[in-house]
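**Q** Structure below; questions to follow.
The values are calculated or read from the model by the stated rules, or taken from the named source; none is laboratory data. Quick caveat: nothing in here was measured; it's all calculated off a predicted structure. Note that we place each Cβ from the backbone using ideal geometry, even for glycine, and neighbour counts take in every protein chain shown. SASA here: full protein model, heavy atoms, side chains in, ligands and nucleic acids out. Shrake-Rupley method; radii C 1.70, N 1.55, O 1.52, S 1.80 Å.
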Amino acid sequence: SPLKVRNVLVKNRMLYTVARPHFLEGPETYPGDMIRAYYSDIAKNAAIVTVRMSTGRGPRSEMRGDSAHMASWDGDDPAVHNYIDQLIEGIHCEGALVSGANAGGNTVEEAVTKAKELEDKGYDVVYVGTRGAKNREELVPIVEQMQAVRKATNLIILAWVLPVIPGASRGGSGPGGGDPAGPSVEELVAMAKMLEGSADIIQIRDGGGYSGHPNSFIQERDKPLTLTYAQAIKESGAKILTAPNGGFRGPASNEEFIASGKTDMIALARPFICDPEYTKKAYEGRDEDWVPCVMCNKCHGTSFDGPWITVCSVNPKLGLSSSVKSIQPPTSSKKVAVIGGGPAGMKAAITAAERGHKVTLYEKSGVLGGLLRHSDYSPLKWAYKDFKDYLVRQTHKAGIEVLLNTEATPEMLLAKGYDTVLAALGAEPVESRLPGADGKNVWNIIDAYSDEKAMGKNVVVIGGGDFGTETGMFLAQAGHKVTALTSEDEMMQRGGPHNKEPQMDLYQKMDNFSYKVKVTATGISQGKVTYRDETGAEKTIQADSVVVFSGLRPRLDEALKFSDSAGQVLLLGDCTGKAGTIQKTIRSAFFVASQV
């Protein structure tokens, strides 16, 4: 519902935070077509849109890591300001307000001057002073500036606070190191009351480096940490609007948080990136149709130092507007068979059905989900389970004929006369050649999830990376004493900003999860695993049960057997050998199916 903030009507209760994907901009020193269109799309969703920018002469190549969210545009070029004006006006055209600039200064006079300049540029909302004030004492000069800006302009004033909850907020300066710093809940409430009449909205982000950008490894479903802060402020009676952010996802849960009085607004970004029709679906009561964010944080980038590669694991169109525009509508409705009910097969089937084709999906097992079925067993992977369940729902809602317990053969499909066959046969765990890997106490990485209760107390996981580490974390959370072995120098690579930090922080603090790096497993026998450390010394470790991950094998040869089963046969997803992640699989499925 709309919300009145002083004398301004805000169209809904959602605020888009700082989260511009790096992928949307190149070396240009101005906001290009893609970034302007992106913000207009965001404004269709959120009532307040944060545009974090700075103007200067420095090239973007000098910016690295998370700072690339705040692009530096050439402030001395009038043509650049013309494009900035277009960006701001594009947001206004969608009925949204523009936020994101700091009107603070060293003095009250500087703050007022800057605020007036921002108001002239079209900004509607500003924040004043530091985002990280830790107590009321630090707020004193900020409040003085806010009051002056409030008197001199019609700007909505937003206050930023980054509190911490002991034992819940996570992450300091690096993975596993340092503790978050910020006000307690009690101090936050006192600060909120101090801000009454000076700030209109208090935006609350967790003060932890990792919990401020949470994923399903450190947050329970529908229990974002900052909601606790907002609720405490509301219950105190403080006269200021609350806008917590970090981990807020689906429309139904966000609606409940607001309707029940826990908060006034919700600040979020990743769900809008995952589903550009988020708000449209919310207004229509279609909560089951929004595309769930898996909270992978890849929209922040997948590298600190390399190319600014930004992706969305569940939105294959992000940053590829030219590729999407080149997709041609079908000239006729076709009879299409999809082989495989994993994420690639389901996404391809849904895409083909949306294009008007008659689709039949063949799945040899009794359920849909493919490799994502492991998320049914791990509480740590609930966000991936939500996405898997979404694909299953959409497959059935799209009117696709789903044939379970049916293993397709080339002869079967040829006999049924399909126009197109989409082969999404996926990948399977590689059988380990390690001596003893065929023992009864040994599991592959997929079966380890469904068979966890059959394992003994002491479990050794051979193989690191995302798959091995996350499996070890699941087993440790289930109560096993886990030791993981990897030949790499780290269990898991950090990735980009906020990408793998929550997982790394969590496994490094698990009492029953230990690991050894730079070691090579040499054999498995009943009750032990033998390995060689980096010095070459042979050692053993007790193991009631062993999980071995030797990689995944694309089922390419099996997929190629369908080459003559229809006039058009296309391969997609993991079976091509070019996917291997949810993001690559979903992108492959969408664009390949768009060729039909």
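**Q** Give the peptides 583-591, 381-389, 105-113 in descending order of average Cβ contacts within 10 Å, highest first.
**A** Highest mean packing first, the order is 583-591, 381-389, 105-113.
**Q** Give the carbon-plus-sulfur fraction of the accessible surface of the chain in %, rounded to a whole number; probe 1.4 Å, heavy atoms of protein chains only.
**A** 49
**Q** From the square roots a ≥ b ≥ c of the eigenvalues of the alpha-carbon gyration tensor of the stretch 266-348, which class results: rounded (a/c under 1.5), prolate (a/b over b/c), or oblate?
**A** oblate
**Q** May I have the count of lysine pairs in the stretch 190-264 with C-alpha atoms under 13 Å apart, counting pairs 8 or more residues apart or located on different chains?
**A** 4
**Q** Of the peptides 468-475, 251-258, 285-292, 312-319, how do they stack up when ordered by the mean number of other Cβ atoms within 10 Å, highest first?
**A** 468-475, 312-319, 251-258, 285-292
**Q** Continuing with the same structure: Set the bar at 27 Å for Cα to Cα. Now go through K11/K347; K509/K584; K453/K509 and name every pair that lies beyond it.
**A** Exceeds cut-off: K11/K347; K509/K584.
**Q** In terms of the Cα gyration tensor, with a ≥ b ≥ c the square roots of its eigenvalues, is the stretch 91-170 rounded because a/c is under 1.5, prolate because a/b exceeds b/c, or oblate?
**A** Because a/c hits 1.5 or more and a/b fails to exceed b/c, the stretch 91-170 counts as oblate.
**Q** Okay, next question. Quick one: Cα centre-to-centre distance for the stretch 488-506 and the stretch 111-140, in angstrom?
**A** 35
**Q** Using Cα centres only, tell me the gap between the stretch 562-596 and the stretch 206-231 in whole Å.
**A** Computed from Cα coordinates, the inter-centre distance equals 36 Å.
**Q** Just the number please: accessible area per residue for the chain, 1.4 Å probe, all protein chains included, in Å².
**A** That works out to 42 Å² per residue.
**Q** Something else about it: Using 0.36 nm per residue of separation minus the Cα-Cα distance, give me the extension gain between T406 and Q568 in nm, one decimal.
**A** Once the chain is fully extended between T406 and Q568, it gains 56.2 nm.
**Q** Continuing with this model, one more query. Just name one of V338, I400, S322: the one whose Cα is farthest towards the positive end of the charge dipole of the stretch 316-410 (beta-carbon charges, Lys/Arg +1, Asp/Glu -1).
**A** Of the options given, the answer is S322.
**Q** Let me cross-check H396: its accessible surface, 1.4 Å probe, with only protein heavy atoms counted, in Å² to the nearest 10?
**A** Estimated to the nearest 10 Å², H396 gives 110 Å².
**Q** Further, regarding this structure: In debye, nearest 20, what is the charge dipole magnitude of the stretch 79-185 about its Cα centre with +1 on Lys and Arg Cβ and -1 on Asp and Glu Cβ, if you could check?
**A** 360
**Q** Between their Cα atoms, which of K317/K381; K500/K561; K121/K317; K385/K516 are more than 28 Å away from each other?
**A** From K317/K381; K500/K561; K121/K317; K385/K516, over 28 Å: K500/K561; K121/K317; K385/K516.
**Q** What figure, in Å² to the nearest 10, do you get for the accessible area of Y83 with a 1.4 Å probe and non-protein molecules left out?
**A** Looks like 70 Å² after rounding.
**Q** Of all beta bridges DSSP finds with both residues in the chain, what is the antiparallel percent, to the nearest 5?
**A** 25
**Q** Another question about this same structure. Under the 0.36 nm per residue contour assumption, what length would be gained going from the current alpha-carbon distance of D447 and N512 to full extension?
**A** 21.3 nm
**Q** Under 1.5 on a/c is rounded, so check that first for the stretch 308-399, then, if it is not, pick prolate when a/b is larger than b/c and oblate when it is not; a ≥ b ≥ c are the square roots of the alpha carbon gyration tensor eigenvalues.
**A** The shape class here is oblate.
**Q** Peptides 370-377, 330-337, 572-579: what's the order by average Cβ count within 10 Å, highest mean first?
**A** The densest-packed peptide leads the list: 572-579, 370-377, 330-337.
**Q** Using the alpha-carbon centroid of each, what span in Å lies between the stretch 264-286 and the stretch 323-361?
**A** So the two Cα centres are separated by 26 Å.
**Q** What aspartates and glutamates could a cross-link reach from K281, if we take a straight Cα to Cα line under 13 Å and drop same-chain neighbours fewer than 8 places away?
**A** Within the straight-line limit of under 13 Å, K281 reaches these aspartates and glutamates: E255, D289.
**Q** What figure in square angstrom, to the nearest 10, would you give for the accessible area of D179 with a 1.4 Å probe?
**A** So the heavy atoms of D179 present about 130 Å² to solvent.
**Q** Given a 1.4 Å probe and heavy atoms of the protein chains only, how would you sort D74, D447, largest accessible area at the top?
**A** Heavy-atom accessible area, descending, gives D447, D74.
**Q** If amide H atoms are built 1.01 Å from N in the plane of the peptide, which residues on other chains or at least 5 residues away come under 5 Å of the amide H of L552?
**A** Amide H neighbours of L552, under 5 Å, 5+ apart: V430.
**Q** Using unit Cβ charges (K, R positive; D, E negative) and no other charged atoms, how large, in debye to the nearest 20, is the dipole of the stretch 483-596 about its Cα centre?
**A** So the magnitude is around 180 debye.
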